[in-house]
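A short write-up of the structure that comes next.
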Amino acid sequence: MTDRYQDFVSSSLGQLLVKNLGLPNPVALDRYVEGSPLVDGTIVVGGSGRLAEHLPGILETLDIEVVTTAEADTRYRGLVFDATGLTDPAELVALRDFFAPLMRSLERCSRLVVIGTPPEHVEAEERIAQRALEGFTRSLGKEVGRGGTAQLVYVADGAEGAVASTLGFLLSPKSAYVSGQVVRIGTSATDVAQDTDWRHPLTGKIALVTGAARGIGELIARVLARDGATVVGVDVPQAASDLITLTKELEGDYLTLDITAKDAPKRIAHHLSTAHGGVDIVVHNAGITRDRRFANIDDDRWNAVLDVNLVAPQRITDELLAQRIIHANGRIIGVASIAGIAGNLGQTNYATSKAGVIGLVDALRDGLDNGVTVNAVAPGFIETKMTEAVPFATREVGRRLNSMSQGGLPVDVAETIAWFANPASTAVNGNVVRVCGQMMLGA
């Protein structure tokens, strides 16, 4: 779908009006192209916490160029600051001392990352200082501009060696539409895969993707296949033609069924077990909307949305776990929505179902074993056929009401899922990350 406003503001006349009228000024976001470097440019690393001395080496394993001292008249792609050493609110001045002098030295679509300690793991003044990092990074995300992003990564004590996949994602164009997020990296009973090739981290993995035939599901399948996975796409029989074409192109496999059917979980489990010996990555992407103001919602509209978006993922997950179909260091990934966080007019059924997906993450995160993790993405306004049908005024508000002043693309959701799926992301568990360009609605 074409964003005509974005095309207009890229013109000379558009830029003049933006400057004089204070209009939103969306820039073309850099997105990852296969075969390109993970980060095209230099990252400045600072701070004096638990990770400071290790960060240059960690980033160099991802072929990222790193310096610890910035030079005058040099442009930088990103900044990483280790704030785990801040134990008192008075020490927060270190954030200004590091970031402020470098803000005008950033390239477009820059990446800013602050690393902290989970506040719940520390006491007194240190807890205050660490919690303050959230306000800092979220505000920084709204100020950096020109397609730049800012994130906070809380790293548990003992998880210092588990940050590579997360930093690689957040510093690269793969996180183009992710900003203002708080990611938690905890300790894991499973050793982090240190030898993972960042170009093809999913080689040898089996990935189940529901709703794979079209839209966001298609892009999820494509990105996971790009990263090396064998994709097993699932969709309804009506979408069989598109599903077969896609999975044949990706050299994957497919299964046509209605995921809400009573026997669907057992059929999926049987197919994964007999045809592939199990599964490594389970992506619950299939979803529908049946919008209507709450007073006018009938049973069919309510039940259909809850059944597809929430009940089916729960039943499928329960079956795969009960049969131990998910391999060690496996991944369960849900697709929630900003509507499940902030609510949305005329979408009580949809918002309920997507908040339930977040609840599924909460319910499972502490009870999984064998290194299996559960996380979710919460997309905001993503340019799809579904949003193309939204009334013009509502669509424009959805596009502009975020720090990027534009809608995201299906690939932005897919890249975030691929980060969760990475074998090196074994310490990333229980997170819900918004893919919304730092939308102004919700927390």
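General remarks:
- The set of residues in region 26-35 being over 19 Å from Arg226 (Cβ atoms) and surrounded by 17 or more Cβ atoms within 10 Å (Cβ to Cβ) consists of Pro26, Val27.
The rows are residues; the columns are (1) open to solvent by 20 Å² or more (accessible area, probe 1.4 Å); (2) more than 30 Å from Ala322 (Cα to Cα); (3) of a type outside the set (Gly, Ala, Ser).
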site: Asn375; (1), (2), (3): no, no, yes
site: Ile382; (1), (2), (3): no, yes, yes
site: Met386; (1), (2), (3): yes, yes, yes
site: Pro391; (1), (2), (3): yes, yes, yes
site: Thr394; (1), (2), (3): yes, yes, yes
site: Gln406; (1), (2), (3): no, yes, yes
site: Val411; (1), (2), (3): yes, yes, yes
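- Candidate set from region 277-302 (those that are over 28 Å from the mean Cα position of the chain (by Cα) and assigned to a helix (DSSP H, G or I)); member that is surrounded by the most Cβ atoms within 10 Å (Cβ to Cβ): Arg301
- Taken together, Val27, Val114 contain a single residue that is aliphatic (A, V, I, L, M) and more than 24 Å from Leu409 (Cα to Cα), which is Val114.
- On inspection, Gly41 fails the criterion of being at negative phi, out of contact with any Leu (no Cβ under 8 Å at 6 or more places or on another chain) and not acidic (Asp, Glu).
- Looking only at region 380-420, residues that are of a type in the set (Asp, Glu), over 13 Å from the mean Cα position of the chain (by Cα) and in a helix (DSSP H, G or I) come to 2 in all.
Quick grid of which residues meet (1) buried (at least 21 other Cβ atoms within 10 Å of the Cβ); (2) in a strand (DSSP E or B):
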| site | (1), (2) |
| --- | --- |
| Val178 | yes, no |
| Asp197 | no, no |
| Leu208 | yes, yes |
| Leu224 | yes, no |
| Val231 | yes, yes |
| Ser241 | no, no |
| Lys248 | no, no |
| Asp258 | no, no |
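- For region 1-24, filtering for residues that are polar (S, T, N, Q) and crowded, with 17+ Cβ neighbours inside 10 Å leaves 1.
- Scanning region 60-72 for residues that are touching a residue at least 12 places away in the same chain (Cβ under 8 Å), closer than 23 Å to Ala156 by Cα, in a loop (DSSP other than H, G, I, E, B) and open to solvent by 30 Å² or more (accessible area, probe 1.4 Å) turns up at least one hit.
- Residue in region 79-86 that is surrounded by 14 or more Cβ atoms within 10 Å (Cβ to Cβ), in contact with an Asp or Glu (Cβ under 6 Å, 6 or more places away or on another chain) and not in a loop (DSSP other than H, G, I, E, B) present: no
- Exactly one residue among Val93, Val144, Val80, Val114 is farther than 22 Å from Leu29 by Cα, β-branched (Val, Ile, Thr) and either modelled with pLDDT of 95 or more or over 22 Å from the mean Cα position of the chain (by Cα) (or both), and that residue is Val93.
- Subset of region 97-130 [part of a helix (DSSP H, G or I) and of a type in the set (Ser, Thr, Tyr)]: Ser105
- Region 114-151, residues that are out of contact with any Gly (no Cβ under 6 Å at 6 or more places or on another chain), of a type in the set (A, V, I, L, M) and surrounded by 19 or more Cβ atoms within 10 Å (Cβ to Cβ): Val114, Ile115, Ala129, Leu140, Val144
- Search result, residues across region 310-341 that are basic (Lys, Arg) and surrounded by fewer than 23 Cβ atoms within 10 Å (Cβ to Cβ): Arg315, Arg324
- Residue within region 153-168 that is more than 19 Å from Leu55 (Cβ to Cβ), touching a residue at least 24 places away in the same chain (Cβ under 8 Å), crowded, with 23+ Cβ neighbours inside 10 Å and touching a Pro at 6+ places or on another chain (Cβ under 8 Å) present: no
- Scanning region 210-221 for residues that are closer than 16 Å to Ile417 by Cα and surrounded by 22 or more Cβ atoms within 10 Å (Cβ to Cβ) gives Thr210, Gly211, Ala212, Ile216, Gly217, Glu218, Leu219, Ile220, Ala221.
The values are calculated or read from the model by the stated rules, or taken from the named source; none is laboratory data. Quick caveat, the model's predicted, so the values are computed rather than measured. When we count neighbours, we look across all protein chains shown, and the Cβ atoms used for this are built from the backbone with ideal geometry, even at glycine. Quick note on the areas: whole protein, heavy atoms, side chains included, nothing else; ligands and nucleic acids left out. Shrake-Rupley method; radii C 1.70, N 1.55, O 1.52, S 1.80 Å.
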